[in-house]
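The values are calculated or read from the model by the stated rules, or taken from the named source; none is laboratory data. Keep in mind it's a predicted model, so treat the numbers as computed, not measured. When we count neighbours, we look across all protein chains shown, and the Cβ atoms used for this are built from the backbone with ideal geometry, even at glycine.
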Amino acid sequence: MPIVVECGLCGKKNKFPDHVAGTIVNCRSCGVALEIPGGQGSGGDEAAIERRPPKSSGSLRAGRKRSRPTNPPAALLVVGGVLAAIVMVGLLLNGGGGGGPVPPPPAGFEPANPFGGGYSPPVATQPFPPPAPSPPPARSPAPGGASGNNVATTSSSAPSSPDSSADAFPPGSRPHERPPTTVANVPKIKPFTAASTPTTPSSPPMAARPEPAHHWEVQPDPPPDPLPANWDGRFRIRVAATATLLEHHIVYPKTPSPFVVVALQERNKEWREIWDLSTGQLHYTLRGHDIPPTAPVALSPDAHYAAWKGTFGGLDVFDVAGKKLLGNLPVTADGEQFFVSDLALLPGGRLVAQANAQKLAKVWQLPQGELTRTIPLGDKFAYPEKTAFSPGGRFMAVEAHFAEWTIRVYDLDTGNIAGEIQLKPLGAVRSLSQLAFSPDGSELACVMDVTQPASVTQILVWSLADGRVAQNLLLSPSLQTAHKTHRGALGLQWSLDGRRFLVHGIALVDRAAEKVVYVFQPSATDAKSTRKLLASDLIAEYDGNNRQGVIKPLSIRTEDVAQATAVVEAGGLPQDLKLPPLTKASDPTTASTPQGASEWSATPDPAATLPDGLLATPLPLSAGKGAVRALFVSGGDSPKAFVRVADGETRGDPIAETAATDDHREPNGSTQRQRPPGMAAQENWIDIYDLRTRKPAGKIPVPFSADLVSVSPDGARVLVQAHHAPGRLDVYDVLSEHVVGFRPYQSARDEADWALDAARFIDSHHILTINRRRQLAVWSIPTCQAVYQVPQVALAALSPGRKLLACAGEQGVELRDALTGAGRGSLPVLGRVRALAFSPQGDRLAILRQQRGSLWLVVADLASGNREDEIPFPLVTANVLQWCGDRHLLCNESALFDLESQSVVWSYRLDGGLAAAEFPDGRFWYASPSSRAPAWHLVAATLPEEKVAALLAEMSLKPELLVQPGLPLTVKWDFKPVSWAPTLAPSLPKFVRSAVAQAGFEISEKPTEPLKLTITGAGRTGAPFEFSDGGNRPAQRTVQDHLYEIKVVYTLGNDLLWQTEAQFSTNDAVPLLDQVPASKSVQQALDELLVASVQRYCEELEFPAYVFSKKSAEGMGVSTLSGDGIATGGLNK
């Protein structure tokens, strides 16, 4: 039967199969680690547990689903009462509940388990006499003279010391908290007895709920021993797992240490090895111990002790120095539940176990096995992996409230809260990834990833001496977003000198420069412990897959970091370190924006004439072992082809995750060609071919992985965009000389604005760019100064002669002089422009616009500025448009549209090849594999080919419309009401009626009409989210997320024509909060914004007003484009 476990954090009931019993898995709702009861790994077993499965399963283990109660027979009640009396007498004789002294064992008796277990450890064969009591390490007085943190944890007679602060909270007085417990007179060895619940004497009061720098009792806590000054740096440590490699297979101590413990598994045997990374030597091998692969494992920083969650419960503790198993340490008593989710071994023999299900931490002292503290962590404690421990082992920092971003620091000597930090969010959504103490124990830092309203990684640093913020670093965009990093247990690490951070295992952040100064290549594995910062110049890196690999050194050259820091301080990025020199570009926002033209002055701008008979037959390409990734063709008297070739492409790279080229099927059956995105490569070069002589004309080696994005019209220069240096462009000439490298939009404050949507040569000395903010700029090369800029340009196109620039914006299309930006004319266009294309003669401009779900093709005469045609377009979506002669347009590199018949007349399929990005004439240029060697050929095809042109000339073609405005349309809606916005559902029908009328349809009252539009809407309540910055609004921390979902279905008879879905959320409305009067609460304001968004969507509802038949959308037939030429297919049925 499946096991049902309710998450203690989100409340969701998870069902798991039987075979995961006794393991730790994640909640399917919130991701919190859950311990599955039952099996061999249940952490809720009794304190004294044998190393063999129980003979009877009559009693239910903690956490299992209880059976329905039944009335027991009277005889069982009598027997039960007798047994209870016997147990009570035994407890009285034993001192009450295990809290008092235990009679010493008989003379000569050797305890089987010094920690209270009932079995004899198989390895600990030597007697284990009771050790002498070890007092806790001496501590200096707390700041302000507070004595509460200096009470000996083993003394029951120590009086509580009242806190003089007026804001102090007594233990347990905080909401949803239990007081910390201390231990008094607990015997060091208790053979054959269960672990006793520690008594709670009069404890010192818990520190007040502090604001930073107020009531702060945390102290600097340096490590007891310094780390090695010299590291060998030549280690190679094998790691292997029979199944999936887990985080517990590579374990570093929680405080600074040169040691690591790794798992090795083969042939059904498993063991652990402890290595000293400073010497590269094997320190100890743990064999013969059944360590569950999913169980938490801990290693002390001096490698004196190792501990892990035992197979049948409790904690197994091994004395590495003494080479013996100390025994099994019980974690529960008296039916208590404590599911161990994380372990830490700290200096001085302190062992800490956390249970996120029970929101508790327990502290033991080794080697005695003495439970010294049970610390409540708060009801909202959820992620033990974020916990940090001070190098001296005294303080524990946790994320006490996952939604309110509360950091709490506990004093492990007393179990009290020594400090608390309430973070002020930068946005509505935040994730605290990791906490970390500095290696010298003087500072505490955390790293957070903010996703709204901007993508930012924030690093906050506090001084432990006074609790004040020492530094606030903001890195944009978020490192997780920019580098697709895996958030894990090593998300934030300090360098030994405290000058730098290693964030998410990929970025070195310099505290002085306050920037990322060095970026490592992304890891090819999802293992959380991928990189560990050991010394200032050394990282231990896991290299392998999810089953096996090695830990090897990754050296950080001091000169590389110094050079990278200098590059960053000069305005570059760490990724620019190994790239050619970077020239700082001017701020494009300071450049002028020429005014548009009041009158039409544009003139036709044809392309340069190509030699007759150019590329009449396919041209072989010698790509060798590389893959062809980009193709450009320049015109003029010396036409050339430029082919980017890549070898050794990295499939694990984030750039290559979606690199496959696929065909996307339109709803009406047509095909839209998807261009492959860039893919990082080890070798990268550009082959040049002289098209007149049909011979290779040179090669440009690009010393870094980059895409070819443009070629100058004269073929003298190429433009490349680096894969791992965002927003950067580099210019090379055909002699392989680097001309200039620059980042056009680096002056933008948000690094996300550096991203480029387009980059293209106007001539060999001017480059046009458009960024994600739709800012168009023209740059002078090599000075990298902005000549002019035009805001709000969605897309642009250059005329064949490169004199005219067409810019599509919100008001239509503007024609400008390409070099100066001066206005030459404007073409008002309704809707959104999807594609632009100049005719080969430069006398016409094709504009594909979208309005209310339908595409329209507009053709304008550039000599007069008049529109020749405005035609409903048969495809539903389109983003690539190019002319093929004077009569035809190729859409999405597949559908050939005929201007005269106003329909798609033929389809083309480019099998395994790619089209050129720029064409020098009216032919379709592409490269594709050939049946003849070499594998790839360059082809310039005239479309339609001669055979198809003759076939189409004999046909009388005209568009076949299935749906068009004016037809009766049956509209059905069903909007479910919601309690949080009672006016929403009743208001939507009128907006839908208005949208249908605007589309030109007549709403029919007859339900039998074949054309139907069905709209349904329903709301639901999502998870609450935290919000603290509401401006001048009433304070509100928790906001309930409300959602409303709309589905639109468009049918003709039984045929589905089109459908879409939309979802609206109050969470998504946070950036628009300032649009609602401040007198309303955050909840009211966000709900009103959600209602307005849904109403606007219905009012502007876009559905296709024109729907064509399959023949009009796909054409009469299909041809295949290959390296051998065009293979004409048959007619479509």
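Values for this structure:
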item: Check on Ser1093, surrounded by 14 or more Cβ atoms within 10 Å (Cβ to Cβ), touching a helix residue (DSSP H, G or I) at 6+ places or on another chain (Cβ under 8 Å) and either assigned to a strand (DSSP E or B) or in the same structural domain as Ala953 (by TED's automatic domain parsing) (or both); result: no
item: Filter result (under 18 Å from Ala623 (Cα atoms) and either part of a strand (DSSP E or B) or assigned by TED's automatic domain parsing to the domain that holds Val516 (or both)) within segment 697-733; result: Ala697, Gly698, Lys699, Ile700, Pro701, Ala706, Asp707, Leu708
item: Qualifying residue in segment 1125-1132 (condition: at pLDDT below 90 and closer than 27 Å to Arg993 by Cα); result: no
item: Long-range neighbours under 8 Å by Cβ, at least six apart or interchain, first residue in contact (Cβ under 8 Å) with a residue 24 or more places away in the chain within segment 736-760, second in a helix (DSSP H, G or I) and of a type in the set (Asp, Glu); result: Gly741/Asp576; Tyr745/Asp753
item: Candidates Gln785, Gln789, filtered to the one that is in contact (Cβ under 8 Å) with a residue 60 or more places away in the chain, in contact with a helix residue (DSSP H, G or I) (Cβ under 8 Å, 6 or more places away or on another chain) and not hydroxyl-bearing (Ser, Thr, Tyr); result: Gln789
item: Single match in Gly549, Gly572 (criterion: within 42 Å of the chain's Cα centre (by Cα), part of a loop (DSSP other than H, G, I, E, B) and surrounded by 19 or more Cβ atoms within 10 Å (Cβ to Cβ)); result: Gly572
item: Any hit, segment 786-803, residues being at pLDDT 95 or above, charged (D, E, K, R) and under 34 Å from the mean Cα position of the chain (by Cα); result: no
item: Filter pass, Leu819 being assigned by TED's automatic domain parsing to the domain that holds Phe897 and in contact with a His (Cβ under 9 Å, 6 or more places away or on another chain); result: yes
item: Inter-residue pairs, beta-carbon under 6 Å, first more than 19 Å from Gly491 (Cα to Cα) and at pLDDT below 90 and in segment 424-447, second assigned to a strand (DSSP E or B) and among the small types (Gly, Ala, Ser), 6+ apart; result: none
item: Residues that are assigned to a loop (DSSP other than H, G, I, E, B) and in contact (Cβ under 8 Å) with a residue 60 or more places away in the chain, drawn from segment 840-872; result: Pro840, Gln841, Gly842, Asp843, Arg852, Gly853, Leu862, Ala863, Ser864, Gly865
item: Where a residue in segment 949-968 is free of Cβ contacts under 8 Å to residues at least 60 places away in the same chain and its partner, wherever it lies, is surrounded by 14 or more Cβ atoms within 10 Å (Cβ to Cβ) and assigned to a strand (DSSP E or B), with Cβ under 6 Å and at least six apart; result: Leu967/Leu1011; Pro968/Ser1004
item: Only listed residue being under 30 Å from Leu889 (Cα atoms), buried (at least 20 other Cβ atoms within 10 Å of the Cβ), modelled with pLDDT of 90 or more and out of contact with any Cys (no Cβ under 9 Å at 6 or more places or on another chain), chosen from Ser1112, Ser1119; result: Ser1119
item: The one condition in (1) farther than 21 Å from Asp1055 by Cβ; (2) surrounded by 13 or more Cβ atoms within 10 Å (Cβ to Cβ) that Ala950 fails to fulfil; result: (2)
item: Residue satisfying all of: in segment 835-869; among the charged types (D, E, K, R) and within 44 Å of the chain's Cα centre (by Cα); farthest from Gln964 (Cα to Cα) among these; result: Arg849
item: Unique match (being crowded, with 16+ Cβ neighbours inside 10 Å, of a type outside the set (Ser, Thr, Tyr), in contact (Cβ under 8 Å) with a residue 12 or more places away in the chain and assigned to a loop (DSSP other than H, G, I, E, B)) among Leu1101, Leu1073; result: Leu1101
item: Hey, Gly549 closer than 30 Å to Pro228 by Cα and of a type in the set (Gly, Ala, Ser) or not; result: yes
item: Among the candidates Asp560, Asp612, residue that is without any contact (Cβ under 8 Å) to a residue 60 or more places away in the chain, within 30 Å of Ala935 (Cβ to Cβ) and acidic (Asp, Glu); result: Asp612
item: Test: Gly310 is buried (at least 24 other Cβ atoms within 10 Å of the Cβ), over 37 Å from the mean Cα position of the chain (by Cα) and in the same structural domain as Asn546 (by TED's automatic domain parsing); result: no
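Residue by residue, here is whether (1) within 16 Å of Leu533 (Cα to Cα); (2) of a type in the set (A, V, I, L, M); (3) in the same structural domain as Lys552 (by TED's automatic domain parsing) holds:
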{"site": "His249", "(1), (2), (3)": "no, no, yes"}
{"site": "Pro253", "(1), (2), (3)": "yes, no, yes"}
{"site": "Phe259", "(1), (2), (3)": "yes, no, yes"}
{"site": "Ala263", "(1), (2), (3)": "no, yes, yes"}
{"site": "Ile274", "(1), (2), (3)": "no, yes, yes"}
{"site": "Pro293", "(1), (2), (3)": "no, no, yes"}
